[in-house]
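Accompanying notes for the structure given below.
The values are calculated or read from the model by the stated rules, or taken from the named source; none is laboratory data. All figures in this text were calculated on a predicted structure; none of them were measured in a lab. Counting neighbours? That spans all protein chains shown, and the Cβs are built from the backbone with ideal geometry, glycine included. All accessible areas refer to the heavy atoms of the entire protein, side chains included, with ligands and DNA or RNA removed. Shrake-Rupley method; radii C 1.70, N 1.55, O 1.52, S 1.80 Å.
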Amino acid sequence: MGAPRRLGLMLLPWLVCDCLSLLLLLPSVESMCPEPCDCQLQQHLLCTNRGLRAVPKTADPQGILTYSLGGNFIANISAFDFHHLAGLQRLDLQYNRIRWLHPKAFERLTLLEELYLGNNRLVALAPGTLRPLAKLRILYMNANEIGRLSTASFTGLGSLVKLRLDGNALASLGEATFSGLPNLLYLHLESNHIRWLSRGAFTGLAKLRFLDLSGNQQSSLRHPETFGPLGSLSTLLLSGNSLQQLGGGLFQHLPSLAKLSLSGNRLAQLAPDAFAGLGALKELRLDGNLLSHLPATLLEPLRSLEALDLSRNVLAALHPAAFGPLPKLRELSLRDNALAVLPGELFTSSLALQHLELDGNAWSCDCRLRGLKRWLGTRHSQGRLLTVFVQCRLPPALAGKYLDYLQDAQLLPPDGTDCHSGASPSPSPPPATGQRPREQQWQLILAPEGLGGNSSRSPAQGGPRSLPSASTMHLLGVQEGPALGRGSGRAEPTPATSLPDQLGSSRPSLPLAGPAWPRRARKHHLAPSAAGAPLVSDPCDFNKLFLCNLSVEAVSTSSVTVRWWVRPHRSPRLLGPVRFRLLFDRFGAAVKFQRFVYLAEWSEPAATLRELRPDTPYLVCVEGVLGGRVCPVAPRDHCVGLVTLPNGGTAGGPDQQLLTLVLLAVNALLLFVALAAWVSRLVRRKIQGRRQAAPVHVRQMYSTRRPLRSMGTGVSADFSGFQSHRPPRGAVACALSETDLIEFPCERFADSSSARRGDDHLLQQRFAD
């Protein structure tokens, strides 16, 4: 045992020395991580927002890959600040005050892939400063004060993919400025002061896909060679400049361009071949310019165009074939221009159009808009077009009304002009003496007071048709022209008989063309004179022509009664009588929950809605249900707003809610009183019990003055003799005279003092014997 112990003691100094040497060889955490920085993440030095004025020193930080120094007050970068960070891959120096970079500041950072120098105060970049960064892929130099770039500024950055130079003070781009960036894909040059671009400014950028030149000060672009090297460019942004002229064929060398933005410039006219060569363009933005007209062949090369924005210009007219070459057009904006009329065939070839914006123009609702109105009605009925707002400005009688809710008879020819080429009704013989022209008859019958009005609500998706549907017109005996189908909408319907006669004119009506539907045995109460009433089979036509005068009769806190009126009509026997459906909803509700109430057949044109909330605004609408079908257009012309009365607004009957609250309060008060009485009684009992009970104190545990009293039957003769000589006890005896183990003082024992003295005397005599 002694030999191994002595051997261990001999080897102990050598083991301690080895451990100390290993500890000295390992790099210390404090030496690798500067004091104000955070090194909790492995291989990441986080020194952002530390108030640093210089790059902190680190001792041999070989394992650091990311170094973040953003948000400090560093003003200069010396040649030795990153001398030991040979393995660094990401360096962030954004939001500092850097004005100067030493030409050899990044000499050892050969593995660096991302360098962020944005939001500093760099004025220039010395040639060769970035040359050692052969693997650099991302370079941010935005929001500095750089005013000039040279060919040597980016020499050696063959791997660079993204370059940000936006927000600087660049005034021009010289020849071959970016020639050393063959793999560049994204180039940001927006928000500079660029007024001049040399023809070879983008030489060497054959792979560039994104170029942003918006927010500069260019006034003209004329030479196609400017964008000639950018054969792979897909996005070009030129918005927010001062462009007044675009040369013909300017973009002819950009076959892959998919998005072009020219918005926010001062373009007043465009050359017919301005967009030549853009066969792959899908999005074109021309909004916010001064365009007053478009050449007829301007958009012909754009066969793949899907979105066109011409808003906020001064367009006053458009050629009927302006959008003909755009078969894939899905979105078109013409809002906020100077348009008054549009030809009806303008959008006939735009079969893919889904979103059309026409609001913000001074529309003149006359016969020249009939073609547009029919096209909109057809597209809405097919569900292929979103809502289009065309609000009339002229004539004054129709100002503020929407085109889709006007009848063709209301679209009269303007003064001194005539409508041609399908925009006017087909020619008909002149009316007889004393007979109104057909347009006036249509206006009197189809557009009485209240039907032509418009609500302030926006039209629902799928606007109403301008005339009764084809089925209703057929049942009325009206023959359609060859172009009245859903695809054209050019010609007016030519009635076989006078339409006012069919709709219940004072003159005798002619028989309907075609077989008449047999009437039901039971007469409809809404049409007592149904023999001469017009036949209706479309719910949309019923809502527009026969339903009117919705009003509120009675309002209470939880119910409301509405009533409406229906003009005489007939419905086909196969469809049955017209039913009514009420829609009501609360204003201001976070979650819209529309509720419907269906009325039974042959019911009165009135309904009472119950279980409403008091003091709440509601919107109530009514529409017809014909053959189980409803109109896909919201019944905005047959709606009424109301507010239910607040609680206590009616004098009949007590307030049930208040009565319930009073009863609950009374019950709670009674329960509290009963509980308090029970608790007080319990407390009183405990207090009385404590007062009646006498205090008991232990005085002696073992008596030393008297011998122990024998327990049980085995009693000695001496003790028996002693007890025989005791005088008899009184009426009240105390246990203290029996020489028990424990004595209890008690006031109830009458002979306590005398008995004690007698016992002592007897004991002395007994033991003396």
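Report the calculated FRET efficiency for residue 268 and residue 225 (r = Cβ-Cβ distance, R0 = 30 Å), to the nearest 0.05. List each step's numbers first, then the result.
Values: r = 25 Å, r/R0 = 0.82.
Calculated value: 0.75.
Provide the net charge surrounding residue 89, with neighbours chosen by a C-beta distance below 9 Å and charges set as Lys +1, Arg +1, Asp -1, Glu -1.
Numbers: positive: 90, 135; negative: 113, 114.
Once positives and negatives cancel, what remains is 0.
In terms of Cα to Cα distance under 21 Å, which lysines are near enough to residue 57, apart from those fewer than 8 places away along the same chain?
104
Quickly rank 229-235, 119-125 as a protection proxy: mean count of other C-beta atoms within 10 Å, highest first.
Packing proxy ranking, top to bottom: 229-235, 119-125.
Using mean Cβ contacts within 10 Å as the protection proxy, how do 350-357, 330-337 order, highest first?
Working: 350-357: 16.4, 330-337: 19.6.
Ranking the peptides 350-357, 330-337 by packing returns 330-337, 350-357.
Report the extension gain between residue 565 and residue 43 in nm, rounded to one decimal, defined as 0.36 nm multiplied by the number of residues separating them, less their alpha carbon distance. Intermediate values should be presented prior to the final figure.
Values: separation 522, 0.36 × 522 = 187.92 nm, distance 8.07 nm.
That pair, residue 565 and residue 43, stretches by 179.9 nm at full extension.
Please list 348, 561 in order of solvent-accessible area, largest first, computed with a 1.4 Å probe with all protein chains present. Please report the intermediate quantities before stating the final value.
Working: 348 60, 561 30 Å².
Largest to smallest exposure gives the sequence 348, 561.
Residues with beta-carbon under 15 Å from that of residue 309, excluding residue 309: net charge, scoring Lys, Arg +1 and Asp, Glu -1? Could you put the intermediate results ahead of the total?
On the way: positive: 259, 282, 285, 312, 330, 335; negative: 283, 287, 306, 331, 336, 357, 359.
Overall, the nearby charge balance is -1.
I want the local charge near residue 324. Using Cβ-Cβ distances under 14 Å, sum +1 for each Lys or Arg and -1 for each Asp or Glu among the other residues.
On the way: positive: 303, 328; negative: 300, 345.
Summing Lys and Arg as +1 and Asp and Glu as -1 gives 0.
Accessible area of residue 73, 1.4 Å probe, to the nearest 10 Å²?
Its heavy atoms expose roughly 80 Å² to the probe.
So what J values fall out for the stretch 288-303 if you push phi through Karplus, 6.51 cos²θ - 1.76 cosθ + 1.60 with θ = phi - 60°, rounded to Hz, Gly and Pro as x?
x, 10, 10, 6, 9, 7, 10, x, 4, 9, 5, 9, 4, x, 8, 6
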